[in-house]
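The values are calculated or read from the model by the stated rules, or taken from the named source; none is laboratory data. Remember, it's a predicted structure, so these values are computed and weren't measured experimentally. For neighbour counting, all protein chains shown are included, and Cβ atoms are generated from backbone atoms with ideal geometry for every residue, glycine included.
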Amino acid sequence: MAILDSLLTWFMKKRIHQIELFMKYPHDVQEEWFQSLISSAEATEWGKKYDYNSILTPEEFKNRVPIQDYNSLKPYIDRMIKGEQNILWPSDIKWFAKSSGTTSDRSKFIPVSEESLTECHFQGGKDMLTIYFNNKPESQIFCGKSVVLGGSSQINSFSSDSYYGDLSSILLRNLPFWAEFKRTPNLEVTLLPDFEEKIEKVANITIHENVTNLAGVPTWNIVLAKKILEITGKNNLLEVWPNLEFYTHGGVSFKPYREQFKKLIPSDNMYYLENYNASEGYFALQDLPDSEELLLMLDYGIYYEFLPIENLYDENPQTLGLHQVELNKNYALIISTNAGLWRYMIGDTIKFVTLSPYRIQITGRTKQFINTFGEELIVDNAEDAIKKASESTHAIVKDYTAGPIYFKEGEAGAHEWIIEFEQQPDNFETFCKILDQTLREINSDYDAKRYKNMALQFPVIHNAPAYTFFQWMKSKGKLGGQNKVPRLSNSRDYLEPILDILKK
């Protein structure tokens with residue numbers, strides 16, 4: 001054990017030096033990866049279609065290859081699922097991550113190559129530990145075990161040699177031996193497809209382990225924590241796992257969950273680290289302990305482009321390179337990867353908060369917004385307003401979603417919110433007023449539409465009973481894994497079925 005720990009420490013120190021290099025020379029690193037990706041894919045069907053052999057610069061690449069989304073790549077991915085190879089990427093691709101970025105019924109299957117596993121996803125996981133140990137060298141997490149809530153994985157029906165599942169399950173099935181040795185419970189339990197059965201078994205097994213760190217989407221870790229406290233009768237997780245010191249999270253904003261975790265883990269020494277990891281790639285890490293900024297990881301086999309959000313629906317949108325971005329402007333993220341996603345718009349929006357080094361914040365989704373009335377409300381606005389209203393009324397929000405109420409019979413429209421509280425506000429009416437007022441303060445377009453209720457009336461906000469969102473997610477078969485509640489929608493597609501649950 002001591003030898004393994006020493007080797008890990010040596011690798012971490014070496015990696016910190018490499019991270020410092022790409023922070024110092026970001027444009028050189030991105031240029032190197034661009035050239036590597038293009039040359040690697042020259043002989044693929046896609047590379048021949050766009051004559052990658054003659055592409056010398058990013059500008060030529062942008063002019064020749066259109067921006068892609070899942071629909072445009074789906075015919076190629078469907079063929080890969082059925083066993084065809086050398087389509088988008090030269091190495092054989094056998095794994096496909098079933099994307100659950102929203103709770104829509106339509107599934108996406110994102111190719112995961114061997115290169116993306118090792119150079120991107122696993123490198124991100126190792127860097128997460130590296131950064132943590134660099135910031136907290138006295139850490140003892142390797143003296144205990146990690147609990148990771150994974151999804152399910154199964155052989156798909158298209159081919160006997162291609163597999164799909166949540167990204168978390170793919171990563172767990174391919175973990176290096178040393179990582180598997182440090183994890184609990186075993187793989188069979190971790191990948192149980194029935195989420196409620198899995199929570200029950202994970203809780204009963206892990207309460208007898210020395211758990212020092214947790215990883216996963218906050219929503220589902222809270223469900224696990226409550227089950228553990230229910231079984232043990234303890235007041236908080238530190239009474240079950242006294243050496244718990246580290247939680248790495250991602251998938252959703254941590255803002256609505258922070259107060260819940262403080263109650264579940266009442267320690268000033270608990271270290272929280274956010275990572276930006278999606279089915280398409282591992283993009284960023286929180287490298288500073290007292291900041292919510294995420295360091296953009298530039299040497300993971302991904303070439304980045306940034307599309308200004310105001311140009312999202314242009315006929316021929318022009319993207320920016322890393323050297324062209326500006327602070328505090330919203331960009332849609334465009335990626336080209338070592339799994340064969342070319343100029344792929346993943347649907348996330350980000351903004352840069354520092355340019356040396358390049359650190360970002362996730363601001364929302366290109367499709368998770370409300371702009372029915374020209375208010376341009378994004379998830380970042382909603383999170384800030386929820387946070388302010390919660391702090392002011394001592395509330396803890398568990399989950400929420402919002403959408404539009406359309407104009408009718410000469411009446412102005414409105415936003416309709418469904419909010420489920422972990423801890424009720426001191427005064428619900430005050431909470432609603434602060435939420436609305438904060439949105440007006442931070443979003444001038446929203447404020448203009450709310451002026452004298454001319455376009456937008458005061459929002460309709462429902463105080464949902466406990467487990468409302470759990471019931472809805474369960475009804476859609478979306479419990480666990482990377483499934484999460486969509487925060488904002490420009491339609492009422494999410495609101496209506498949840499309102500039906502409220503009426504029962």
- prompt: Out of E416, E411, which single residue is of a type outside the set (F, W, Y) and over 19 Å from T438 (Cα atoms)?
  reply: E411
query: What pairs come up if the first residue lies in the range 234-245 and is within 13 Å of L214 (Cα to Cα), the second is surrounded by fewer than 21 Cβ atoms within 10 Å (Cβ to Cβ) and among the aromatic types (F, W, Y), and their beta carbons are under 9 Å apart, counting only those six or more places apart or on different chains?
result: E245/Y271
- prompt: Within the range 467-478, is even one residue buried (at least 17 other Cβ atoms within 10 Å of the Cβ) and closer than 29 Å to E310 by Cα?
  reply: no
- prompt: Looking only at the range 242-263, which residues are surrounded by 22 or more Cβ atoms within 10 Å (Cβ to Cβ) and assigned to a helix (DSSP H, G or I)?
  reply: P256, Y257
- request: Of all residues in the range 436-490, count the ones that are of a type outside the set (F, W, Y) and either assigned by TED's automatic domain parsing to the domain that holds W220 or at positive phi (or both).
  value: 5
- request: With the condition kept exactly as written, say whether any residue in the range 384-397 is in contact with a His (Cβ under 7 Å, 6 or more places away or on another chain) and under 21 Å from A464 (Cα atoms).
  value: no
message: Of all residues being part of a helix (DSSP H, G or I) and among the basic types (K, R) in the range 177-201, which is surrounded by the fewest Cβ atoms within 10 Å (Cβ to Cβ)? Just the residue, please.
response: K201
- prompt: K449: under 30 Å from K201 (Cβ atoms), touching a residue at least 12 places away in the same chain (Cβ under 8 Å) and of a type in the set (D, E, K, R), yes or no?
  reply: no
message: Is it the case, given these coordinates, that L295 is assigned to a loop (DSSP other than H, G, I, E, B), modelled with pLDDT of 95 or more, more than 23 Å from I442 (Cβ to Cβ) and within 19 Å of the chain's Cα centre (by Cα)?
response: no
message: So if I check each of N213, N204, which one is polar (S, T, N, Q), farther than 21 Å from L129 by Cβ and either in a strand (DSSP E or B) or modelled with pLDDT of 95 or more (or both)?
response: N204
task: Please tell me if K234 is in a loop (DSSP other than H, G, I, E, B) and among the basic types (K, R).
output: yes
- prompt: Which of the following residues is of a type outside the set (K, R) and at pLDDT below 95: Y272, Y313, Y282, Y300?
  reply: Y313
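A quick yes/no check of all residues on (1) under 27 Å from P218 (Cβ atoms); (2) of a type outside the set (D, E):
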position	(1), (2)
L377	yes, yes
K388	yes, yes
Y406	no, yes
E416	yes, no
Q424	yes, yes
T430	yes, yes
E441	yes, no
K449	no, yes
G477	yes, yes
message: Looking at G340, G364, G403 in this structure, which one is in contact with a Lys or Arg (Cβ under 9 Å, 6 or more places away or on another chain) and more than 24 Å from H249 (Cα to Cα)?
response: G403
query: Residues of the range 481-493 being crowded, with 19+ Cβ neighbours inside 10 Å and more than 20 Å from K255 (Cβ to Cβ), which ones?
result: G481
task: Name the one entry in E259, E274, E209, E280 that is free of Cβ contacts under 8 Å to residues at least 60 places away in the same chain, among the acidic types (D, E) and either out of contact with any strand residue (DSSP E or B) (no Cβ under 6 Å at 6 or more places or on another chain) or over 18 Å from Y467 (Cβ atoms) (or both).
output: E274
task: Could you run through the range 32-64 and say how many residues are more than 14 Å from W342 (Cβ to Cβ) and charged (D, E, K, R)?
output: 2
- request: Scan the range 276-292 for residues that are in a loop (DSSP other than H, G, I, E, B) and under 14 Å from I350 (Cα atoms) and report the count.
  value: 1
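The rows are residues; the columns are (1) assigned by TED's automatic domain parsing to the domain that holds A466; (2) in contact (Cβ under 8 Å) with a residue 24 or more places away in the chain; (3) buried (at least 20 other Cβ atoms within 10 Å of the Cβ); (4) not in a loop (DSSP other than H, G, I, E, B).
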| residue | (1), (2), (3), (4) |
| --- | --- |
| D314 | no, no, no, no |
| P317 | no, yes, no, no |
| H323 | no, yes, no, yes |
| I334 | no, yes, yes, yes |
| I346 | no, yes, yes, yes |
| I360 | no, yes, yes, yes |
| A382 | yes, yes, yes, yes |
| V397 | yes, yes, yes, yes |
| T401 | yes, yes, yes, yes |
message: Tell me yes or no: at least one residue of the range 446-459 is at pLDDT below 95, within 28 Å of K98 (Cα to Cα) and assigned to a loop (DSSP other than H, G, I, E, B).
response: no
query: Pick from the range 337-366 the residues that are over 18 Å from the mean Cα position of the chain (by Cα) and among the small types (G, A, S): which of them is farthest from H121 (Cα to Cα)?
result: S356
query: Restricting to helices (runs of 4 or more DSSP H) lying wholly in the range 5-81: which have 2 or more residues that are at pLDDT below 95 and farther than 28 Å from M128 by Cα?
result: 70-81
Test result for N490, over 18 Å from V217 (Cβ atoms), part of a loop (DSSP other than H, G, I, E, B), modelled with pLDDT under 90 and of a type outside the set (V, I, T): yes
message: I need the full set of residues from the range 221-247 which are β-branched (V, I, T) and at pLDDT 95 or above, in order please.
response: I228, I231, T232, V240
